[in-house]
Structures are given as structure tokens and as C-alpha cells.
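To keep things clear, I will list the structure first and then write my remarks on it.
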Amino acid sequence: MSLWGLLSMSVAEITRTAPTKLESTDYYHMDDLLTDQEREVRYRVREFMMNEVEPIINDYWERGEMPMELLPKLRALGITGGPIPGYGCPGLSSVSMGLISMELSRGDGSLSTIYGVHSGLAMLSIFFLGSEEQKQKYLPKMASWETIGCFGLTEARGGSDAAHPETTARREGDSWVINGNKRWIGLANIADFCIVWARNEETGKVNGFIVPSNTPGYKAVPITGKIGKRAITNCDIYLDNVAIPLENKLENSNSFRDTAIVLGATRIGVAWEAIGHAMAAYEYALDYAKRRVQFGKAIAGYQLTQSKLVNMLGKITAMQMMTLRLSQLIDQGKVTEGKASLAKAFNTANAREVVALGREILGGNGILLENHIARHFADMEAVYTYEGTHDINTLVVGREITGVQAFA
């Protein structure tokens, strides 16, 4: 069935024709807790990933190339700018946004990150912290993918200490002049602009700046040799006396606390993303175990294999219930930084174990890209690390529950 055929169906029809794999990873019927709109969005994305992405993504992943042919199809899903109301964006619930992240990464982690960088980090920076003029100028074109944005926070020597960037911005006449470098910046080689976070030399505070990629002194260099997330390009960005207009400063970005607003929202998306990788690993492992015959019967009939599958399913179910509730709390205005960090830390650690068990069930076949699970296994290493390492997110929760900060 085509994507547009799916869109024309009622929710009841979609539910009846939804991929049967849903049953294997929805053990506690999370789907019953969703609204009709949330289910429709979930199945729309799942259909797209199964029909358009999974058949071709391994080749892109192996070559280390971005699947540019998929961007118009991703745009046609109508999910770009997710929670943003207006400006050509759909204004989806936080639960819908989580389900989108889950289903995208269940199909492929690189495409999930492509969406997350542009639609999440870049667009939410402008929506949360930009002036009305900046929102009107950038968000509608970003919603249609006419303009692509990226997000430049991490630095080579910064890592987890994102609140103290070495990149600086100083005011000179009618311009901001930015110097420094950023690392691991997704989409930077194709983006029309980058949201660059820099320390204001006058105030010492962290501010965000909209830096067009064609500005003299701006250079994005792809990072090679990655073992995960290979179908999205990450770059080193070098900024050498990059001069931008004064109005390119995000009007309401006045400290790292403002930056953290964006990071908190996207961190929850990463928690959902981890679930998607774990679901894919479980589904591939379960299917393989039923088909793989050893010592006269399918390996699904052996106790050790069943123990691994049950362990995987238990972790997935716990992650689903925890993160669904977290997303509901967002819409109720009850989320905190610690709650977001707990889900990110818990889910990525457990998903990492799930994909490892899935690869183990496939044995030697588990390291072959053609069986998909190797891609999820490698991609989870990146998910475990970005949007705050497991250790840092753990300490953020620790700070919230004890009132004592255990890191500088």
C-alpha cells in the first residue's frame, strides 16, 4: 500500500492493516493507551520506514553516504517541526513525537538522526529562543525542507562540558564575529545554516547564533571512519572570524540555561530512539530464532534462547511504559531535567544490552549487514553516548534527587 493510500484510511482500517510485527514488541498493549492521532502518526511512519527505507538503507550505511533520495519522502510525511504549532508545522503531542523517534530509529538510526537534527535541534532552537521575526523567516522554509538547519554545540575539547564552549562571539559594529570549532555536527555539510553556540566575550554567557553556511570563514569537514550512524554525515566545523549580522543572534538565548531547554526536549526523543533500536533487534532475533535450525530443531525451542528473548522483551516493555509516561508529563507541564535524563540514561543502557543479545542470538550471522541487526548494534553505541553520556545523565538525576551536584 502506498503512503498516501495509508493517509486516506481511517484509524480503524490502519489498525487492522498495521504491520503484524507490532504485536511482538507491544507486549503490554501500549498502543491501547494512545489517541487515534498518535496511532495514525505511528503507523504512517512505520509504513514509510518498512516500505521505503529498510530495503535500501544498508547500502547507504555501508558506503557511509546520506540517503538524499529519502528527504522528499520524509518531508511528505508531514511530521517536520513536530510539536511546533503554526509556521507550517503539525503541532503534534509529545507522545506523537516520541513515537516518531521510536519508529524512525526502529527502521534506521541515521535517518532518525537526520530528522532529529533538522526538525528537533535546529527548529526547536529557533522556536524556543528566536524572535517572532526569526521564526517567521526560518521555520516555514524548514518545515518544507526548503532550508536545512543543523546544530553546533559540541566541541572537540568540550565533550560533556557543553556549558563552557571555547568558541567565542564578539560584537564588532553591526556584526557578531565568531571564532572556534565544533565537532560531531550532523548535516553540517549540506545544511544552509548552523545554530552555533558560543561564549559572548562581553558577558561571558552562552548565546546561540544563526550562521549561514556560505559565510566566509565557515568550513564544514566530514568526519570519516565511523562505526555507527554511517548514513548521516557528521562534521568538524571551523569558524575563522565568521561575521554575521547582529539580528542573527537568537533573541532569547542569553545563557546555557536557555540552551538546556532545547537539549531537554531532544533528550527525551533520544530515549524513544533507543526503544526503536531495541525493538528492531528483538524482532529480527525472534524471527531468526524461529527459523534457525540447530541440533534438529529451531533455536527458539532452547531454554537459553528463550531466556535471552524474554530478557530483551522485558527491557523493551519497561522502556516503553516509562517513556510514554514521561511524554505525557511533558504535555502536562510536569517534566524536569532529571526526569528527562533518567529516561535517556535508563533506555540507552538497556537498549544497548538488548541489541547485544539480539546480535548474540543470530550468532555469526549477527555481524552481517544483510541481517540488519548489525546496523542497530553499531548505531546504539552512538545513541548511548550523544545527548549527554550515560554518566552525565546519571549525575543530572543524582543532582535532582539529592540536591548535590557531583560534577563541576
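When you scan segment 252-293, how many residues do you find that are among the β-branched types (Val, Ile, Thr) and under 25 Å from LEU313 (Cβ atoms)?
Matching residues across segment 252-293 total 4.
How about segment 392-405: which of its residues are on the phi < 0 side of the Ramachandran plot and free of Cβ contacts under 8 Å to residues at least 24 places away in the same chain?
Scanning segment 392-405 gives LEU395, GLY398, THR402, VAL404, GLN405.
Do you know which residues across segment 358-373 are closer than 20 Å to ILE316 by Cα and either in the same structural domain as ASP59 (by TED's automatic domain parsing) or surrounded by fewer than 20 Cβ atoms within 10 Å (Cβ to Cβ) (or both)?
GLU360
Name every residue in segment 334-377 that is outside any helix (DSSP H, G or I) and hydroxyl-bearing (Ser, Thr, Tyr), in order of residue number.
Matches in segment 334-377: THR336 only.
Check segment 113-124 and report whether any residue there is among the hydroxyl-bearing types (Ser, Thr, Tyr) and either closer than 30 Å to ALA285 by Cα or in the same structural domain as ILE268 (by TED's automatic domain parsing) (or both).
Yes - at least one qualifying residue is present in segment 113-124.
Select from segment 228-282 the residues that are free of Cβ contacts under 8 Å to residues at least 60 places away in the same chain and assigned to a loop (DSSP other than H, G, I, E, B) and list them in ascending order.
ASN254, SER255
Which numbered condition in (1) surrounded by fewer than 22 Cβ atoms within 10 Å (Cβ to Cβ); (2) modelled with pLDDT of 95 or more is the only one that LEU104 fails?
(1)
If I filter segment 154-211 down to residues being within 15 Å of ASN241 (Cα to Cα) and small (Gly, Ala, Ser), which single residue comes out as modelled with the lowest pLDDT?
Looking at the filtered set, the residue picked out is GLY173.
Looking at segment 195-225, which of the residues that are touching a residue at least 60 places away in the same chain (Cβ under 8 Å) and buried (at least 17 other Cβ atoms within 10 Å of the Cβ) is nearest to ALA374 (Cα to Cα)?
Once the filter is applied, the top-ranked residue is ILE195.
If a residue counts only when it is over 30 Å from LEU368 (Cβ atoms), which helices (runs of 4 or more DSSP H) contained entirely in segment 45-145 have at least 2 such residues?
71-76, 94-107, 123-129, 132-143
Can you tell me which of ARG183, ARG170 is over 20 Å from the mean Cα position of the chain (by Cα), at negative phi and either assigned to a strand (DSSP E or B) or β-branched (Val, Ile, Thr) (or both)?
ARG170
The values are calculated or read from the model by the stated rules, or taken from the named source; none is laboratory data. This is a predicted model, so every value here is computed, not measured. Note that each Cβ is placed from the backbone with ideal geometry, even for glycine, and that neighbours are counted across all protein chains shown.
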